[in-house]
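Below you'll find the structure, written out as structure tokens, and then a few comments.
Here, each number is a calculation from the coordinates, and none is a lab measurement. It should be emphasised that the depicted structure is a prediction, and the values quoted were computed from it without experimental measurement. Don't worry about glycine lacking a Cβ; one is built from the backbone with ideal geometry, like all the others, and counts go over all protein chains shown.
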Amino acid sequence: MLNKLRPFIEMILDPIASRMRINPNIITIAGLLMSVVAAYMFARGDLLLGGVFIALSGFVDMLDGVIARKNRSTTPFGGVLDSTMDRFSDAIIFIGIIAGGFIDWFIGILTILASFTVSYVRARAESEGIRCNVGIAERPERLLILIAGAFIGYFYDPFVMYLAVILVMMLGYLTVIQRLYHSWRELKQRKRKL
């Protein structure tokens, strides 16, 4: 859903990216490190700083791609690295949320699985030649829900973070179903054309 805002966001990030003469892979690693800090803050029970560092990691995650495109330094390895670091970031953030006691381990693991499966279905579909960027809760949406949960939880009630993670989990599995259905439909249409 937020992918529709990508051109607008890139227009804002373009001036920043054009001034940065740095390998985008370094920015990708920096995003992972910010996610580790977010996880540590959650593990300490600090919702506010956990939310701030998720927001920073999300910003950096958008910036690395814009830098790569702006400086004409996109590479296949950069795409693989970015996707891999996103999975590590997702997992470590939820591990921090579990360690901080905001969610029990079982729900936390189901949420990690949902996040991974959303990405896996897309990668698997695209390996079959299907464009599969569909679904209600891609990574940016999931991160925004966690950021909102952290901030509202800090200022109102920490239980909001529990609800945010439950929402991320449910929307993640819904997105998996949407992507599986989309892939099935696309493959069925392709078969009819043969």
Worksheet item: Given +1 on the Cβ of Lys and Arg, -1 on the Cβ of Asp and Glu, and no further charges, what dipole in debye does the chain carry about its Cα centre, rounded to the nearest 20?
Response: 1080
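Work out the length of the dipole vector of the stretch 140-194 about its Cα centre, built from +1 on the beta-carbon of each Lys and Arg and -1 on the beta-carbon of each Asp and Glu, and round it to the nearest 20 debye. If you can, show how the numbers build up before the last one.
Numbers: 8 positive and 3 negative charges, 170 e Å.
It comes to approximately 820 debye.
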Practice prompt. Could you check which residue among I109, I152, I26 shows the biggest mean-square fluctuation in a GNM of the chain with a 10 Å Cα cutoff?
Written response: I26
Worksheet entry | Cβ-based charge dipole, the stretch 2-193, positive-most Cα from M161, A125, I147 | A125
Practice prompt. Report, in debye and to the nearest 20, how large the dipole of the stretch 90-169 comes out about its Cα centre when Lys and Arg carry +1 and Asp and Glu carry -1 on their Cβ.
Written response: 160
Response to the item:
Fewest-first ordering of M170, M161, M85, M62 by Cβ atoms within 10 Å yields M170, M62, M85, M161
